[in-house]
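No value in this document is a laboratory result; all are computed from the given coordinates. What you see is a predicted model; the values in this text were computed from it and never measured. Methodologically, a virtual Cβ is constructed for each residue, glycine included, from the backbone with ideal geometry; neighbour enumeration extends over all protein chains shown.
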């Protein structure tokens, strides 16, 4: 299968280039970037010297990609608003699209407008899109042509919570999620707030109380809980390059920790990228960075009556590029681990 990447010079785009370059069943035939057009990929991403020396960044041109007969799938690693413009042209040409942006993550355009302060750029195409977090999305999504890749924070929250809400063993109210993300989650930004001296040896909350990813999280949790779910989401910037760790507190009611683990084990028994740790062990970003895995564990606090759930993942892998490859693998009918082990 031949693939192209639009916007391949960002952090997520670079990881995706590396994954596709090493993928045994996919060929990377085009990469685009307005800022890097004309330069060799191996010059911009030195790790790929001797691997992709002949591939050059092209200008980002939706019409040109749509016209290529040698393309099967296009990954869009461009900002919200812009992504929809590319998606429309490329989907109409019959190619598959996997989008990294927020343009197709929410099914309700009013929610998009509320959180992104602009009307949805393509409401009709939104109806044809499918949000895909492979471990929780119902079968049949592979028939679509446009896939929305989940955000990094949502993946760390939805993976542990979705099956528990669906099984009805946790409360729907008073859910609090505190997440810490590495600075790569903000993308490549030449801003003072992300400079070394500002970020090093410092951690701070931001985006409170209405971070953009909250819209996606609550919509998906509502589907699991079969009704509106409102959570308190508190994101933090952590002094590390990559990784997300999330701690969630949720009322346990009469449910036991054994029941929680039973739900997880049934939901994720055949899912290679969800690793369930023992109740007395906490996930650590040190061991998930560079993998497409999300590690989860939980404990019941008898004093507060809450479950305390923790997850860890790589924001650029399971939180972005690795998950996109996982979606591609499943769409093609390949083993979902293809090209994703020890990257």
Query - Cα gyration tensor of the stretch 222-343 - equivalent ellipsoid semi-axes, whole Å, descending - result: 26, 18, 15
Report summary line: So the angle from the long Cα axis of helix 152-167 to the longest Cα principal axis of the chain, reported in degrees to the nearest 10, equals 50
Query raised in the report: Rounded to the nearest 5, what % of the DSSP beta bridges within the stretch 153-313 are antiparallel ones?
Result: 70
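Please find the FRET efficiency linking residue 262 to residue 286, where r is the Cβ-Cβ separation and R0 is fixed at 35 Å, and quote it to the nearest 0.05. Before the final figure, lay out the partial values.
On the way: r = 28 Å, r/R0 = 0.81.
Computed FRET efficiency for residue 262 and residue 286 comes out at 0.80.
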Query raised in the report: How would you order 26-35, 268-277 from highest to lowest mean count of nearby Cβ atoms within 10 Å?
Result: 26-35, 268-277
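Where both partners of a DSSP beta bridge lie in the stretch 253-343, what percent of those bridges are antiparallel, to the nearest 5? Display every interim value, and only then the final one.
On the way: 7 of 10 bridges.
Here the antiparallel bridges make up roughly 70 percent for the stretch 253-343.
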Requested in this report: Note down the nm distance, to one decimal, between modelled labels 7 Å out along Cα→Cβ at residue 205 and at residue 304.
Outcome: 1.3
Query - Ascending count of other beta-carbon atoms within 10 Å, so fewest first, for 132, 250 - result: 132, 250
Report summary line: With Cα coordinates, the longest principal axis of the chain makes an angle with the long axis of helix 321-332, in degrees rounded to 10, of 80
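For the stretch 190-343, what is the relative contact order in percent, using Cα pairs closer than 8 Å and at least 6 residues apart in sequence? Write down the numbers at each step before the final one.
Values: 224 pairs, mean separation 30.6, N = 154.
Averaging sequence separation for qualifying contacts and normalising by length gives 20 percent for the stretch 190-343.
Once the piece of chain linking residue 279 and residue 118 is laid out straight, how much longer is it, given 0.36 nm per residue of separation minus the C-alpha distance between them?
Working: separation 161, 0.36 × 161 = 57.96 nm, distance 4.32 nm.
Full extension from residue 279 to residue 118 adds 53.6 nm.
Could you please rank 341, 45, placing first whichever residue has the fewest other Cβ atoms within 10 Å of its Cβ? Can you show the working numbers first?
Details: 341 10, 45 21.
Going from sparsest to densest Cβ surroundings: 341, 45.
Kindly provide the helix-only [θ] at 222 nm of the chain, computed as the sum of -39,500 (n - 2.57) over DSSP H runs of four or more divided by all residues, to the nearest 500 deg cm²/dmol? Working shown, then result.
Values: 11 runs with 101 residues, N = 343.
Helices in the chain give a 222 nm mean residue ellipticity of -8500 deg cm²/dmol.
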**Report entry** Degrees between helix 82-92 axis and first principal axis of the chain (Cα, 0 to 90, nearest 10)
**Finding:** 70
Requested in this report: Report relative contact order for the chain in percent, whole number only (criteria: Cα-Cα under 8 Å, sequence separation at least 6).
Outcome: 16
Query raised in the report: What spacing in nm lies between the two simple spin-label points modelled at residue 68 and residue 108, each 7 Å away from Cα in the Cβ direction?
Result: 3.8
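Just want the ordering: 197, 73, 152, from fewest to most Cβ atoms lying within 10 Å of their own Cβ. Don't jump to the answer; show the numbers that get you there.
On the way: 197 8, 73 22, 152 26.
Going from least to most buried by this count: 197, 73, 152.
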Requested in this report: Provide the gained length on full extension for the span residue 127 to residue 198, in nm with one decimal, where the gain is 0.36 nm per separating residue minus the Cα-Cα distance.
Outcome: 21.4 nm
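Have a look at the DSSP beta bridges in the stretch 1-122 and tell me what percent are antiparallel, nearest 5.
Details: 1 of 16 bridges.
Antiparallel bridges: around 5 percent, rounded to the nearest 5.
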